[in-house]
Amino acid sequence: MTVRTMSAPSGALPVADARAVRAEVLRSLRGQGLRLLAVVVTMVVGAALGLVAPWALGRTVDTVLDDGSARDIWQLGLAMVAAAAGFAAFTALGVVLSSRLFETALARLREKMFATSVGLPLERVERSGSGDLISRATDDVDEVSSAIGTVVPALSSSLFTIAATTVGLTALDWRFLGAIVLVVPVYALAVRWYLRTAPGIYASERAAMGARAQQVLGSVRGLRTVHEYDVGPTLASRIGTHSWEVVRWSMRARIVQNRFYGRLNAAQFLSMASLLVIGYYLVGAEALTVGATTTAMLFFLRLFEPIESLLLVIDELQSALASLARIVGVIDTGADKGALTRTPTMPDSFVLEAKNVTFGYSPSRPVLSGVDIRLEPGEKVALVGASGAGKTTLAAVLAGVRSPDLGHVDFGGIDLKDVPDTERAQWITLVTQEVHVFTGTLRSDLALANPSADDADMEAALRTVLAGDWFDLLPDGLDTQIGDAGHPLTPMQAQQLALARVVLADPPVAILDEATADAGSAGASLLERSADAALEGRSALIVAHRLGQARRADRILLMDNGKIVEEGVHEALMESGGEYAQLWEAWSRHR
């Protein structure tokens, strides 16, 4: 699939072009044909009823001039009241139906964008900046949702009202169309100027908001470092610079908006003057009655509000379309991932192998250099080394979270880069030192690993990783609320929860990246036994914080400066007297 996008800053997530946005919106409206038909029928009836009052007023004028009866006037008055009530009811119903229709479409787009976002490669999100992604998921979605509440009602009622009123004017006398023909070019030129000027400004305004969000988010996430190094004023200055950039683009948008409004007011004055001239001519030539001319004038006055509403919401529409293009840009970013070769079944072989893997967070500074690793089925391999040796990076590459710059990682002979994220997660599970506890019930957290697991499976998984003691003390069992504002879990309990997810997911390969490092000396033994239980029956790569774990492994790999420099079992490595032996001696003295 070819993704068509507008230009975006280097590294930023793309912004979809009009064709891509239109295609994605149409896809989100699939299956909504009957609702769309109901909207059209309702709005047509409402617009037709809106013509009754101006027609009745014109007939009232002719009735009075022709000395008509009071009964006729009362009948016309009742018709106006009934038509006004019907117009209000059908218009309101049409607005509600259209809002529901487009809110449903937005919900589908939002869900699709979220699904795409969580499936994006980590390095892709880092390159664009997480603030950009968060801005699209919050500010841009809010902008489109707000537009549905304001733009959709205006478009729904105005378009049908303009069409019905134009038909009514033509039915009175085709020469009234002269006023419309005269003013349409003025409106067209105003809209053309606006559409040529505004989109780029609104797109730049949204991009500036994303850049500001990135600065704020980075400062908040690194708040401890900010305080330690006293860089608050520097970061505040940067945020201020980006905030003023937002203000600059917002002011430019308001200037364009005011110029647009001036052109619309000029068009209204011109249209009124031309209609008065045409009406005067027709009445003077006795081609039309005073009442019919009054109806035409009321019809034309009735056009002003919907035309003005329609053109004025172009301002909000342009901003919403700019946000919509940014949302679709995220969806399209994952389009190529959807075209990956899909492997419906798990490979017959569970061998995980890295071949000549080189990786760096920047091209000039590789973290891994020519790494070769082979993890046999059922084998437990410990990865050790000094801080900064590249262990965590290698774990992420082997898990498929990051893609190597050179070389490749195979699972059962299949290159992981060709495997969709959902399937790769069923083959290889990565548990890191920083475990996230999702807000919700304990049941919903565990269900993320295996949605088909029942309560018995979840309890069994918790007891397998030796979490039964604290699970039995929870006030509501699996229904206990955990996460933010919920029942607090200690770091060790959170790690056991993550290990229970491994048991439920039941992947053939698990990678533990210092997953027992936060237990502290008191809980180290328990958490290591929890990890051993979770890894039972599956292959494992263990980035070992405590070398006691490495000693029990089938094989030990020592990393230094992004390379595997020693390999073997504990006894053999100790006898060789190399770096591992020195590391063991240092660890033994300080444990």
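For this structure, a couple of remarks:
- The lone exception for Val431 - which of (1) buried (at least 20 other Cβ atoms within 10 Å of the Cβ); (2) assigned to a strand (DSSP E or B); (3) modelled with pLDDT of 90 or more it fails: (3)
- Selection status of Leu93, in contact with a Leu (Cβ under 7 Å, 6 or more places away or on another chain), surrounded by fewer than 20 Cβ atoms within 10 Å (Cβ to Cβ) and either at positive phi or assigned to a helix (DSSP H, G or I) (or both): no
- Condition broken by Arg501, with the remaining ones in (1) within 20 Å of Ala399 (Cα to Cα); (2) open to solvent by 30 Å² or more (accessible area, probe 1.4 Å); (3) modelled with pLDDT under 90 satisfied: (3)
- Qualifying positions in the range 462-499 - among the hydroxyl-bearing types (Ser, Thr, Tyr), part of a loop (DSSP other than H, G, I, E, B) and out of contact with any Ser or Thr (no Cβ under 7 Å at 6 or more places or on another chain): Thr490
- Members of the range 555-591 that are touching a Leu at 6+ places or on another chain (Cβ under 6 Å) and without any contact (Cβ under 8 Å) to a residue 12 or more places away in the chain: none
- Search result, residues across the range 137-172 that are among the hydroxyl-bearing types (Ser, Thr, Tyr) and buried (at least 17 other Cβ atoms within 10 Å of the Cβ): Ser156, Ser157, Ser158, Thr161, Thr165
- Looking only at the range 390-409, residues that are closer than 16 Å to His545 by Cβ and among the hydrophobic types (A, V, I, L, M, F, W, C) come to 2 in all.
- Selection of the range 236-274 for residues being open to solvent by 70 Å² or more (accessible area, probe 1.4 Å), farther than 30 Å from Gly218 by Cα and touching a Ser or Thr at 6+ places or on another chain (Cβ under 9 Å) yields only Arg259.
For (1) at pLDDT below 90; (2) over 29 Å from the mean Cα position of the chain (by Cα); (3) assigned to a helix (DSSP H, G or I), each residue gets a yes or a no:
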| residue | (1), (2), (3) |
| --- | --- |
| Val435 | yes, no, no |
| Arg443 | no, no, yes |
| Ala449 | yes, no, no |
| Ser452 | no, no, no |
| Ala460 | no, yes, yes |
| Ala510 | no, yes, no |
| Ser521 | yes, yes, yes |
| Leu526 | yes, yes, yes |
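- Number of residues in the range 368-419 that are open to solvent by 20 Å² or more (accessible area, probe 1.4 Å), in contact (Cβ under 8 Å) with a residue 24 or more places away in the chain, in a strand (DSSP E or B) and under 23 Å from Ala534 (Cα atoms) equals 1.
- The number of residues in the range 347-367 that are in contact (Cβ under 8 Å) with a residue 12 or more places away in the chain and either under 15 Å from Gly413 (Cβ atoms) or assigned to a loop (DSSP other than H, G, I, E, B) (or both) comes to 10.
- The residues in the range 185-232 that are closer than 28 Å to Ala267 by Cβ and open to solvent by 70 Å² or more (accessible area, probe 1.4 Å) can be counted, and the count is 4.
- In the set (1) more than 29 Å from Trp584 (Cβ to Cβ); (2) crowded, with 20+ Cβ neighbours inside 10 Å, Gly360 fails one condition alone, (2).
- Inside the range 437-450, residues that are within 21 Å of Val509 (Cβ to Cβ) and surrounded by fewer than 20 Cβ atoms within 10 Å (Cβ to Cβ) make up a count of 2.
- Hits in the range 467-491 (condition: loosely packed, with under 11 Cβ neighbours inside 10 Å, touching a residue at least 12 places away in the same chain (Cβ under 8 Å) and not charged (D, E, K, R)): Pro475, Ala485
- The condition of being in contact (Cβ under 8 Å) with a residue 12 or more places away in the chain and either more than 19 Å from Ile162 (Cα to Cα) or of a type in the set (D, E, K, R) (or both) holds for only one of Thr60, Thr42, Thr91, that being Thr60.
- Condition met for Gly291 (within 26 Å of Val52 (Cβ to Cβ), of a type outside the set (Val, Ile, Thr) and in contact with a Gly (Cβ under 6 Å, 6 or more places away or on another chain)): yes
- Boolean, Val39 is surrounded by fewer than 17 Cβ atoms within 10 Å (Cβ to Cβ) and either assigned to a helix (DSSP H, G or I) or on the phi < 0 side of the Ramachandran plot (or both): no
- Residue within the range 224-246 that is closer than 22 Å to Asp142 by Cβ and within 22 Å of the chain's Cα centre (by Cα) present: yes
- Considering (1) part of a helix (DSSP H, G or I); (2) open to solvent by 30 Å² or more (accessible area, probe 1.4 Å); (3) farther than 30 Å from Tyr361 by Cβ; (4) without any contact (Cβ under 8 Å) to a residue 60 or more places away in the chain, the lone condition that Ala107 does not fulfil carries the number (2).
- Residue satisfying all of: in the range 545-582; on the phi < 0 side of the Ramachandran plot and polar (S, T, N, Q); surrounded by the fewest Cβ atoms within 10 Å (Cβ to Cβ) among these: Gln582
The values are calculated or read from the model by the stated rules, or taken from the named source; none is laboratory data. Computed from a predicted structure; not experimentally measured. Cβ atoms come from the backbone with ideal geometry, glycine included; neighbour counts cover every protein chain shown. Accessible surface is based on the protein model in full, side chains and every heavy atom, while ligands, DNA and RNA are left aside. Shrake-Rupley method; radii C 1.70, N 1.55, O 1.52, S 1.80 Å.
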